[in-house]
1. For the chain, what does the relative contact order come out to in percent, with C-alpha contacts under 8 Å and a separation of six or more?
2. Do the alpha carbons of any pairs in K22/K60; K11/K36; K8/K60; K31/K60 sit beyond 19 Å of each other, and which pairs?
3. If we count every other residue with Cβ under 15 angstrom of K49's Cβ, Lys/Arg +1 and Asp/Glu -1, where does the sum land?
4. Residue by residue through region 78-87, what is 3J(HN,Hα) from phi via Karplus (6.51 cos²θ - 1.76 cosθ + 1.60, θ = phi - 60°)? Round to whole Hz and write x for glycine and proline.
5. What is the sum of charges around S30, taking Lys and Arg as +1, Asp and Glu as -1, for the other residues whose C-beta is under 12 Å from the C-beta of S30?
6. What Kirkwood radius, in Å to one decimal, follows from the Cα pairs of region 45-107?
7. I want the local charge near H14. Using Cβ-Cβ distances under 11 Å, sum +1 for each Lys or Arg and -1 for each Asp or Glu among the other residues.
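FYI, it's all coordinate maths here, none of it is from the lab. A quick note: this is a predicted structure, and the numbers were derived from the prediction, not measured. Methodologically, a virtual Cβ is constructed for each residue, glycine included, from the backbone with ideal geometry; neighbour enumeration extends over all protein chains shown.
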Amino acid sequence: MKATLVFKTPKVGHFFFGYYDKLQLSKNNSKLLALKVAFIDHVPHKEDKAIIGYFDLTNKEQPFIILAETSVFNWQQGCMLQWLGEDYNSTIIYNDLNRKQLCVLLY
């Protein structure tokens, strides 16, 4: 079987997704969720932030589209980022902190 390259992540920053049971690809296969960080050399600290966004797979020239940021993430599970809702194309859910309390935010 021959593999086909779909897209490459930009060379600036480090991109990852997270847990295996979360939907990173939108239902219509047009958007790929990801987290972007500036480091890969240490376990995330409480002051570290991850940028939440997606790649538009229909427009390979478009850069990473930023939606939000979170301070609640790790290398294995990310921030439990995933598509949500009836269409799984326009709403995301992820973990973050608000006033030092863990919360789930909808974008």
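1. Working: 204 pairs, mean separation 25.0, N = 107.
Rounded, it is 23 percent for the chain.
2. K22/K60
3. On the way: positive: K36, K46; negative: E47, D48, E69, D96.
Residues close to K49 contribute a combined charge of -2.
4. Taking θ as phi minus 60°, the curve returns x, 10, 6, 5, 6, 6, 9, x, 5, 9 Hz for region 78-87.
5. Details: positive: K27, K31, K60; negative: D56, D87.
Local charge sum for S30: +1.
6. Details: mean 1/r = 0.0782 Å⁻¹.
Kirkwood radius, region 45-107: 12.8 Å.
7. Values: positive: K11, K36; negative: D41.
Here the charged neighbours net out to +1.
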